[in-house]
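For reference, the structure discussed in these notes is given below.
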Amino acid sequence: MAEKSKNNQLMEKIISLCKRRGFVFPGSEIYGGLANSWDFGPYGAELKNNIKQHWWKTFVQNREDMVGLDSAIIMNPKVWGMSGHLSNFSDPLIECKKCHTRFKADSVGFFNPEDKIGKLDGVSCPECGKSDWSPALQFNLMFKTNVGPTEEKSSEVYLRPETAQGIFVNFKNISDTSRKKMPFGVAQIGKSFRNEITPGNFIFRTREFEQMEIEYFFNPEKDKWEDKFKMWENAFKKWMDEIGVNSKKLFFHDIEKEELAHYSKKTIDVEFDFPFGKKELFGLAYRTDFDLKNHKLDYKDPETQKPFVPHVIEPSLGVERMALAILLSAYTEEKINNEVRVVMKFKNNLAPIKIAVFPLLRNKPELVKKAREIYDVLKTKWMCEFDDNGNVGKRYRRQDEIGTPYCVTVDFETLEDDAVTVRDRDTMKQERIKISELKFFLKNKLEE
Ligand code: ATP
């Protein structure tokens, strides 16, 4: 129980820090909000961009066997028919007959789609405590809308529930134009939409979110799927380490054969120990040739000219879920002189602001001028912030809470010795550095 309340407190602290410091705001707040919608503020937008850029650099720019794609969100509805989403992309929905709250059936009890309601007998409603359930209905999670001015069946389209199908339907375009030889992969980052029955836990589960997905195509006669799967598992372990996901909180859950999707031969749910429980952070799946086969696409081996349907390994991540795991991994409280210092210990590559520049006093024009000169140079290379509000101690505290690795202060001595004080976020040590050497010093620190 004590552990549970500690975890609840941690989630409250993260949500409050995100709001107070400008990482994440409740969506549409001035109109009373919209349940489970969130807006990423200035630092949240930087954090998300850094995650995406690091992912793209690692898995597209630095690899010869990968290319990128940016496909449309609204696609021909036939895509969702062929992919199986129209018939299968649904969750079992149940309603409590007493308080009329709706739940995803498997979130309140063990649900067996075969016997619809059977196993919910005796399970209490988490809202009102009664046990009187409606039969389960399959609820399709895709958002439906219309293209053009008429609302008839023929104009119905869907907001994509995953970015992956954009990759599959472009497989021929990409293999014809990119000159990549098998095995090769396609990466895409973009918004996806799911009309989730039970969104929640802050930015963990929302109805619109960004995905970063890879489809890695190979010839199963030439490459062993086990090797490719392992390659991606290892690549993602390394990547998560580089961006500061706490490895002690990660669990690689091999999905049991009986629970695998019918097209998958192996799936690993990579779980993170969130304060609200161990939950999926992202998935890694061997999807065989299921999707390309459905779209009737194949590939001609350039040597033998024999056509075949490539198989795929799919690492599929949510950006916001990853951001939440990173916020939780970075959050640190330290006791200093009987006061609690809150520090977001982001890895340098993910920190929203890399350097803050301060004049010691805002009403001393010579200090402000010098500090601005330094800021103007540094901001062309890194995301920097100029701050002359309040005393320096308060400015440090603010930068600690947004996770800025270095603060540079211009003081009266600077005017004499052309040096500044550089303060390290984690050690709080301060060093005097010559302005002429500052850029080099910071480069070494930030990019080490
Ligand atoms: P879950 O079981 O949590 O609903 P899923 O298995 O349906 O997830 P996938 O379809 O494999 O998820 O999607 C890949 C990734 O996209 C997930 O691991 C997660 O990181 C992210 N994701 C999926 N749905 C959501 C959502 N509603 N909100 C935020 N991120 C999501």
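The values are calculated or read from the model by the stated rules, or taken from the named source; none is laboratory data. Values in this document were obtained by computation on a predicted structure and should not be read as measured data. Here the Cβ positions follow ideal geometry from the backbone for every residue, glycine too, while neighbour counts run over all protein chains shown.
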Open item on the list: If I174 satisfies all but one of (1) of a type in the set (A, V, I, L, M); (2) away from the ligand (no atom under 14 Å from the Cβ); (3) over 24 Å from Q53 (Cα atoms), what's the number of the condition it fails?
Closed with: (3)
- [ ] Can you work out which of the residues in the range 198-217 that are more than 23 Å from K57 (Cβ to Cβ) and more than 9 Å from the ligand (Cβ to nearest atom) is surrounded by the most Cβ atoms within 10 Å (Cβ to Cβ)?
- [x] F202
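Here is a yes/no grid of residues against (1) surrounded by fewer than 18 Cβ atoms within 10 Å (Cβ to Cβ); (2) within 16 Å of the ligand (Cβ to nearest atom); (3) under 13 Å from the mean Cα position of the chain (by Cα):
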| site | (1), (2), (3) |
| --- | --- |
| D291 | no, yes, no |
| N294 | yes, no, no |
| D298 | yes, no, no |
| P310 | no, no, no |
| I313 | no, yes, no |
| A330 | no, no, no |
Open item on the list: Against the conditions (1) surrounded by fewer than 17 Cβ atoms within 10 Å (Cβ to Cβ); (2) at pLDDT 95 or above; (3) within 16 Å of the ligand (Cβ to nearest atom); (4) not β-branched (V, I, T), where does H262 fall short? Just the number, please.
Closed with: (2)
- [ ] May I ask you to list the residues in the range 340-394 that are in a helix (DSSP H, G or I), surrounded by 15 or more Cβ atoms within 10 Å (Cβ to Cβ) and within 33 Å of the chain's Cα centre (by Cα)?
- [x] Y375, L378
- [ ] Filter the range 21-34 down to the residues that are among the aliphatic types (A, V, I, L, M) and without any contact (Cβ under 8 Å) to a residue 40 or more places away in the chain, then identify the one that is farthest from P199 (Cα to Cα).
- [x] I30
- [ ] Would you mind stating whether S155 is more than 14 Å from the ligand (Cβ to nearest atom) and either under 20 Å from the mean Cα position of the chain (by Cα) or of a type in the set (G, A, S) (or both)?
- [x] yes
Open item on the list: Test of understanding: among K279, K228, K248, K238, which residue is surrounded by 15 or more Cβ atoms within 10 Å (Cβ to Cβ), more than 15 Å from the ligand (Cβ to nearest atom) and closer than 30 Å to K347 by Cα?
Closed with: K228
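Residue-wise test of (1) assigned to a helix (DSSP H, G or I); (2) surrounded by 15 or more Cβ atoms within 10 Å (Cβ to Cβ).
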site	(1), (2)
N8	yes, no
G33	no, no
Y43	yes, yes
E46	yes, yes
A72	no, no
TODO: Sort out for me the strands (runs of 3 or more DSSP E) sitting completely within the range 405-448 that have 2 or more residues that are farther than 17 Å from R395 by Cα.
DONE: 430-434
